[in-house]
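Below: one structure, written as structure tokens.
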Amino acid sequence: MIINLSPSSCSLSLSRFINSKRLTNTHLSKSLSSSSSSTFHSKNQFLHEKNRYPLGRRRDFRSWLIPGFDFGSNIESTQSVLEAVGVLTAIIVVHESGHFLAAYLQGIHVSKFAVGFGPILAKFNAKNVEYSLRAFPLGGFVGFPDNDPDSDIPPDDKNLLKNRPIFDRVIVISAGVIANIIFAYVIIFTQVLLVGLPVQESFPGVLVPDVRPFSAASRDGLLPGDVILGVNGIDLGKNGPSLVTEVVDVIKKSPKRNVLLKIGRGGGSVDVRVTPDENSDGTGRIGVQLSPNFKISKVQPKNILEAFSFSGREFWGLTYNVLDSLKQTFMNFSQTASKVSGPVAIIAVGAEVAKSNVDGLYQFAAVLNINLAVINLLPLPALDGGTLALILVEAARGGKKLPLEVEQGIMSSGIMFVIIVGLVLLVRDTLNLDFIRDLL
């Protein structure tokens, strides 16, 4: 299972649900993340901006940073991490259940259903299927006895997956993706019914949620709650996250030089001159947190038909953003490769969302489901799309399969590649967690 969690595919409203200290900090060396994707293996803006995107299209969200878990409150942090792991595990279960049910309902033999990888923590057997929970809940798989030397099923049994018609196998392989798509819509529909449709209204400028004590910003008069309306005589508009980038860029390029900020405060405006301190890398910092200046309200559907309408619009808007972010990732891979993140980073984001607001968990889960569905359709070995590609090759050859050793070589190489990449990302993301970096 591979997930591409790009900021541009995520709801801008999630920036409200993530703790403000996870928003862009001008004192950080990496200011804005342009892509954050997650990769791990398995067998195989949810937001309507008022008067801007009538078809549900979202603006790019560029202000996600994933510096790590915040362990200010151990109980709260542990609970939020468990909630994020729970969301991730539920999505994995749904994906694998799609494969399992598609096979089971067609009478195809299934031998294993596993949640997680590694050592088995618990298991039971029912109707010749081993159900297991494994140590690392970062994936899962459905096992088929097709090439199991210990299986008592004859190799020519018509109900082995490999012996079923092409269409039957396509249904089984694609069922995981279909299950995630359905689950994503159900999550969105549930949110619309229970908490309403998030509606964003943008305002000019960039919000300053927090000012660090003894920083340049504090020294020169910036206050929490200020709104930066202009920089060096140039007014800022309503362009959301892109404005944060602009302000950060100006500050980083101006160490020890005056920057004139037009500040909105208390219904009026004042000019504040800030002199950024200099980082060790020569860039400027003023010690503030910045976020887009907008307000989110909730719109409740008047009836069930309107709930379906809201949900459909949000679902298609979010799907568009996922596809667009994937395209941007491939088109700019040389710039985005270093920002690819593994499951540890996904859980870090999910934990921050869970700590802030339950609404964010709905959106977080919907984003992951759609990402998982889209990524798994890519025609790459070890993904559902790779298996579908091999079946299509078989169909193009008039039903003649590729030699078994060729298929196994292709899939094994893909699985090995994904495992290696996953381990590298797991180590890197773990070392990037705040509390790990503090220990080091």
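The values are calculated or read from the model by the stated rules, or taken from the named source; none is laboratory data. Just so it is clear, the structure is predicted and the values come from calculations on it, not from any experiment. Cβ placement follows ideal geometry from the backbone for every residue including glycine, while neighbour counts extend to all protein chains displayed. Side chains are part of the model used for accessible areas, which takes the heavy atoms of the whole protein and leaves out ligands, DNA and RNA. Shrake-Rupley method; radii C 1.70, N 1.55, O 1.52, S 1.80 Å.
Pairs, please: C-beta under 8 Å, at least 6 apart or cross-chain, first residue at positive phi and in the range 225-236, second assigned to a strand (DSSP E or B) and surrounded by 20 or more Cβ atoms within 10 Å (Cβ to Cβ)? Every condition considered, the pairs that remain are Gly225/Leu207; Gly225/Val208; Asn232/Val259. Of Pro145, Pro204, Pro213, Pro154, all but one fail to be closer than 30 Å to Val270 by Cα and either over 32 Å from the mean Cα position of the chain (by Cα) or open to solvent by less than 40 Å² (accessible area, probe 1.4 Å) (or both); the exception is Pro213. Mind checking whether some residue in the range 178-196 is open to solvent by less than 10 Å² (accessible area, probe 1.4 Å), in contact with a Lys or Arg (Cβ under 8 Å, 6 or more places away or on another chain), at pLDDT below 95 and closer than 27 Å to Ala365 by Cβ? Scanning the range 178-196, I find at least one residue that is open to solvent by less than 10 Å² (accessible area, probe 1.4 Å), in contact with a Lys or Arg (Cβ under 8 Å, 6 or more places away or on another chain), at pLDDT below 95 and closer than 27 Å to Ala365 by Cβ, so the answer is yes.
Suppose we filter Leu372, Leu431 for residues that are at pLDDT 85 or above and either within 25 Å of Phe183 (Cα to Cα) or not charged (D, E, K, R) (or both); which single one remains? Reasoning before the result, please.
Details: Leu431 fails: at pLDDT 85 or above.
None of the others qualify; the one that does is Leu372.
The criterion of being farther than 10 Å from Ile228 by Cβ, assigned to a strand (DSSP E or B) and not basic (Lys, Arg) holds for Val270.
Consider the range 250-267. How many of its residues are assigned to a strand (DSSP E or B) and out of contact with any Lys or Arg (no Cβ under 6 Å at 6 or more places or on another chain)? Please lay out each step first, then the result.
Applying the first criterion (assigned to a strand (DSSP E or B)) to the range 250-267 yields 259-265.
Within this subset, residues satisfying the condition of being out of contact with any Lys or Arg (no Cβ under 6 Å at 6 or more places or on another chain) are 259, 261-265.
Result for the range 250-267: 6.
Among the residues of the range 123-136, those that are under 18 Å from Val85 (Cα atoms) and among the aliphatic types (A, V, I, L, M) comprise Leu133, Ala135. Evaluate the following for Phe136: is it over 24 Å from Asn376 (Cβ atoms), part of a strand (DSSP E or B) and open to solvent by 40 Å² or more (accessible area, probe 1.4 Å)? Considered against the rule, which asks whether it is over 24 Å from Asn376 (Cβ atoms), part of a strand (DSSP E or B) and open to solvent by 40 Å² or more (accessible area, probe 1.4 Å), Phe136 comes out as no.
If you check Gly317, Gly360, Gly342, Gly312, which single one turns out to be touching a Lys or Arg at 6+ places or on another chain (Cβ under 9 Å) and at pLDDT 80 or above? Quick ask: steps written out before the conclusion?
Values: Gly360 fails: at pLDDT 80 or above; Gly342 fails: at pLDDT 80 or above; Gly312 fails: touching a Lys or Arg at 6+ places or on another chain (Cβ under 9 Å).
Of the residues listed, the single one that is touching a Lys or Arg at 6+ places or on another chain (Cβ under 9 Å) and at pLDDT 80 or above is Gly317.
Out of all the residues in the range 294-317, which are within 17 Å of Leu207 (Cα to Cα) and either aromatic (Phe, Trp, Tyr) or crowded, with 22+ Cβ neighbours inside 10 Å (or both)? Answer for the range 294-317, where residues must be within 17 Å of Leu207 (Cα to Cα) and either aromatic (Phe, Trp, Tyr) or crowded, with 22+ Cβ neighbours inside 10 Å (or both): just Phe294. Residues that are of a type outside the set (Gly, Ala, Ser) and touching a Pro at 6+ places or on another chain (Cβ under 7 Å) were ranked within the range 208-220; the one that is farthest from Gly317 (Cα to Cα) is Val211. Restricting the range 190-207 to residues that are out of contact with any helix residue (DSSP H, G or I) (no Cβ under 8 Å at 6 or more places or on another chain) and not in a loop (DSSP other than H, G, I, E, B) leaves a set whose member that is farthest from Val247 (Cα to Cα) is Leu194.
The set of residues in the range 357-412 that are in contact with a strand residue (DSSP E or B) (Cβ under 9 Å, 6 or more places away or on another chain) and open to solvent by 50 Å² or more (accessible area, probe 1.4 Å) contains only Leu380.
Only residues that are buried (at least 17 other Cβ atoms within 10 Å of the Cβ) and part of a helix (DSSP H, G or I) were counted across the range 157-167, and they come to 1. Scanning the range 271-301 for residues that are farther than 21 Å from Phe214 by Cα and either at pLDDT 90 or above or in contact with a Lys or Arg (Cβ under 6 Å, 6 or more places away or on another chain) (or both) yields Ile296, Pro301. In the range 227-249, is there at least one residue being part of a loop (DSSP other than H, G, I, E, B), over 19 Å from Arg273 (Cα atoms) and open to solvent by less than 20 Å² (accessible area, probe 1.4 Å)? Yes, the conditions are met somewhere in the range 227-249. For Gln328, are the conditions met, namely being within 30 Å of Tyr185 (Cβ to Cβ), modelled with pLDDT of 75 or more and of a type outside the set (A, V, I, L, M, F, W, C)? For Gln328, the condition - within 30 Å of Tyr185 (Cβ to Cβ), modelled with pLDDT of 75 or more and of a type outside the set (A, V, I, L, M, F, W, C) - is met. Pairs are defined by a Cβ separation below 9 Å, a sequence spacing of at least 6 or placement on different chains, a first member in the range 311-327 that is basic (Lys, Arg), and a second member that is crowded, with 21+ Cβ neighbours inside 10 Å; the pairs so defined are Arg313/His48; Arg313/Gly56; Arg313/Leu197.
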